[in-house]
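Notes follow once the structure below has been shown.
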Amino acid sequence: MNEIEYLLAAILVMAISTYLTRLTPFLMFTPGKENAKLNFVAKNTPPMVMMILVIYMLKEVDYLSTEIFYTLFALAVTVGLQILKRNALLSIVSGTIVYMFFVQM
Amino acid sequence: MIKTALKTSLPILFGFIPLGIAFGLLFQELNYPWYFASLMGIIVYAGAAQFMAIGLLAAGVGLVEIAMSTFLLNSRHMFYGIAFLESFGNWNLRKLYMIFGLTDETYALMTSINIPKGFDKKKYFFFITLFAQIYWVLGCTIGALSSEILSFNTEGMEFAATALFVVLLIEQWIMVKRLLPFMIGFIASFIALMFFIDHMLIVAIIISIGSILIFRLVNKSHDE
């Protein structure tokens, strides 16, 4: 197997693995069959996952350096704007610009 | 509808373009032709797994190990589809594609938005999924094509992904307005961080779903 063949095989294997994880629930469950437990999980998973994803994204922040200050500041801008204006794009772009400004200073 | 879907998907653009560029830049270090980075964006389409793959490919690890690491890293996606069992509609190519495109970002966005009146949910979700993947492939391609220094300093742009999830967390709060799932997610995250930092996401999701089911069980027995 030469290098390109190895890469192609690896990409294919990754594609299949990834697709399988995403496909699993659709194969395991039939929709709408009055499965109260499943509906309960479906309804409650998004808020839990969102909380987990936010913490996951912030887990690398070094809270002993100045990084914590500008991260908190950028977060405050994002949260504040989102609560006030409910415009996702505006909140994300503003928070990111603030963050980039401090990182690149 | 396509226009609205495009507008709704824009927050993902700001997360995916810089992240894709970062991936493309790293991919260059493997010294493969640039279009393989695009190919990965097209047929694998998994942010974290693609980053991990760079290390695995550089080390030349075996295909079985690549398959298993990818599966483990993406295992959290097994819980995402549950939210869309009905809304993705009947089995057809479109549904197969929407399942393929179910990333952290599309899941987060599509569970947090209201569908405008008169829109076909399936089609609306399809276009959001499609646009999101286009952004990702674009990012990967730009990163893999650009020489070492981009004319524009992208440092810190990765914060857009964090900001996207924060915004969607707020939207979830506005939709759900019950403290319990947020508390569970919060506590589960810290437990996972303390004991399973390498597999934090999947462990936190399993703990969360397990805990909320226990709460449901306890509440039910109270009612009876």
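For chain A, adding -39500 (n - 2.57) for each run of n ≥ 4 DSSP H residues and dividing by the number of residues yields -28000 deg cm²/dmol at 222 nm.
Residues A:S17, B:S69 in ascending order of nearby Cβ atoms (within 10 Å, fewest first): B:S69, A:S17.
Helices of chain B meeting both criteria, an alpha-carbon length of 27 angstrom or more along the long axis and an average Kyte-Doolittle score not below 0.0, with helices taken as full DSSP H segments, are B:2-28, B:121-145, B:200-223. Need one number: the % of Cα-Cα pairs in region A:11-60 sitting beyond the 17 Å mark. Of all Cα-Cα pairs in region A:11-60, 59 percent lie more than 17 Å apart.
Rounded to the nearest angstrom and listed largest first, the equivalent-ellipsoid semi-axes of the protein assembly as shown from its Cα gyration tensor are 30, 25, 21. Taking the longest Cα principal axis of chain A as reference, the axis of helix A:67-85 is set at about 80 degrees.
Counted by neighbouring Cβ atoms within 10 Å, the residues B:F16, B:F88, B:F195 run from fewest to most as B:F195, B:F88, B:F16. Peptide packing: for A:89-101, B:203-215, the average count of neighbouring Cβ atoms within 10 Å per residue gives the ranking A:89-101, B:203-215, highest mean first. In the protein assembly as shown, a dipole from Cβ-located charges (positive for Lys and Arg, negative for Asp and Glu) runs towards its positive end, and of B:I214, B:A161, B:N74 it is B:I214 whose Cα lies farthest in that direction. From the helices alone, meaning DSSP H stretches of at least four residues, give me the mean residue ellipticity at 222 nm for chain B, per-run term -39500 (n - 2.57), in deg cm²/dmol to the nearest 500. It lands at -23500 deg cm²/dmol.
Counting, for every residue in B:78-91, the Cβ atoms of other protein chains within 10 Å of its Cβ and taking the mean gives 6.
We did not get these values from a lab; they are worked out from the coordinates using the rules stated. All values reported here derive from a predicted model rather than from experimental measurement. All Cβ positions, even for glycine, are placed from backbone atoms using ideal geometry, and neighbour counts span all protein chains on display.
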